[in-house]
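Below you'll find the structure, written out as structure tokens, and then a few comments.
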Amino acid sequence: MFVVEGKSLEELLEQSSLALFEIVCQIKRVKPKEKFTLKLEAANEEELLYEWLSTLLSESDLNEMFFSKFDIKIKKIKEKIF
């Protein structure tokens, strides 16, 4: 549905998130009002991307909110990505 690029994994996830919500809503009309923290664990970068976007969609639906700004921090611990 979309193609994104990033200089880092964090930037790639951020751009993917923005692209996803461009499809789901009119993201330019969504003002960030609340801070929402998500923590995920994945075995590799591809799995992390899938889990991240799936979780964003689920949380958006469950909480009846759209997301428009992302501050992503990733750390590796024993070959897992957080």
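The values are calculated or read from the model by the stated rules, or taken from the named source; none is laboratory data. It should be emphasised that the depicted structure is a prediction, and the values quoted were computed from it without experimental measurement. Only protein heavy atoms, including side chains, enter the accessible area calculation; ligands, DNA and RNA are left aside. Shrake-Rupley method; radii C 1.70, N 1.55, O 1.52, S 1.80 Å.
Angle of helix 9-24 to the longest C-alpha principal axis of the chain, folded into 0 to 90 degrees and rounded to 10: 30°.
Relative to the longest principal axis of the Cα atoms of the chain, the long axis of helix 45-62 lies at roughly 30 degrees. Which percent of the accessible heavy-atom area of the chain goes to carbon and sulfur, probe 1.4 angstrom? In the chain, the share of accessible area belonging to carbon and sulfur is 50 percent. Three principal axis extents describe the C-alpha atoms of the stretch 1-44; from largest down they are 34, 25, 17 Å.
Accessible surface for the chain, divided over its residues, is 79 Å² per residue with a 1.4 Å probe.
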